[in-house]
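Notes follow the structure.
Just so it is clear, none of the values below were taken in a lab; they were calculated from the coordinates. Note that the coordinates shown come from a computational prediction; the quantities given were computed from them, not determined experimentally. FYI the Cβ positions are ideal-geometry reconstructions off the backbone, even for glycines, and counts take in every protein chain you see.
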Amino acid sequence: MLIKRYFTRPKEPRRMRWQEYDWTALKILNDYRFLTTPILYQLVKLQHPNLPFETFRHRITILWRSGFLERPKEQISLMVRSDDFHIVMCLSRDGAEMLANHFGLDEEKLSWRADQEKVGFRLLEHQLSVARFRATIELSQAFKILFWLSDGQYYQTIHFRPTTEEQKKITEAEYIGAQVKETIRPDSFFGLVNKDGQTNFYALEIDRGTQVLKTMARKYLAYYKLIKNLERE
């Protein structure tokens, strides 16, 4: 019933006339990959402050019915677990092509992926957590986002030999004295500029209880080594 109601498009969608906020929505979805309609609306509203929510929600439905947006079907698992769930949207292939053609962009450099509408339940939930975190920063308008890298766009491979004191902090004694190689791939790496013009850089890690303690220990120690290396530079 849910599939028929929320995931089956009409065979002949109505013609649509593009509005400026349609393009804004597609650009934001390209940057974020996955968003619910209310959060997408709040982000679009930063550029179109007079846009009513009901008008926007209707437009998003039209964009989906016309094939420019996708609704990942794995979100059904989220829908049945929540009383306050909102539809998750992402760009479709046609939406990515339309966005690239309209703004003269290189389609290969867009964040859209051919398999993103088929993303698994756990990955979708994780991506939404990252998106909510980023949207909270952007909507606060307390910082300017200098850049935002996700999905392995930033990584560092760290080689190190943990000392006894460091290992006590991590509580993974089996790594003492052993050569360790750890590739740090944060969920996001980003730079923020505050209102005083100061720039700081951050690595975002979101764990949903799926990592074992051994992996987390190595990751935290690798971050510690990376910070120390950067301080020396």
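I need the Debye-formula profile for region 9-66: one equal scatterer per C-alpha, no solvent, reported as log10 I(q)/I(0) at q = 0.29 1/Å, two decimals.
Here the Debye-derived log intensity ratios amount to -1.34.
Using all C-alpha to C-alpha distances in region 96-155, build P(r) with 5 Å bins and read off the rounded percent in each one.
All Cα pairs, binned at 5 Å, distribute as 4, 13, 17, 21, 23, 18, 5 percent.
Sorting VAL193, VAL130 on the 10 Å Cβ count, fewest up front, what's the list?
Ranking VAL193, VAL130 by Cβ neighbours within 10 Å, fewest first, gives VAL193, VAL130.
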